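The values are calculated or read from the model by the stated rules, or taken from the named source; none is laboratory data. What you are looking at is a predicted structure, and each value in this text was computed from that prediction instead of being measured. Positions of Cβ are backbone-derived with ideal geometry, glycine not excepted, and every protein chain shown enters the neighbour counts.
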Amino acid sequence: MDWELEPGKVVRLCSAEDLIIHKAVAGRPQDLRDIEGVIYRQGPTLDAATVRRWLGAFVEVLAQPDLLERFETPWRKMIEFRGRGT
């Protein structure tokens, strides 16, 4: 996605979903914290189905079964947190 900072100055950004996918594949401790932060900020506006679909594909290709859980754990925390009304 392109974002125009001012006329003639455009930067290319990835979506929150793409960032989560990249961070989950990288899997470093800071990446996992970043995933939590993105989920906390974006909340239910995230396209969780897209994240799950792509991470599922990477699970197969990279033979890393925990990739999906790197998203699901903070996703569940966010749902529980928002469900408490806080």
Check whether at least one residue in segment 28-38 is more than 11 Å from the chain's Cα centre (by Cα), at pLDDT 95 or above, loosely packed, with under 12 Cβ neighbours inside 10 Å and in a helix (DSSP H, G or I), and report yes or no.
-> yes
From Leu68, Leu19, Leu55, which residue is modelled with pLDDT of 95 or more, assigned to a helix (DSSP H, G or I), touching a helix residue (DSSP H, G or I) at 6+ places or on another chain (Cβ under 9 Å) and more than 21 Å from Met1 (Cβ to Cβ)?
-> Leu68
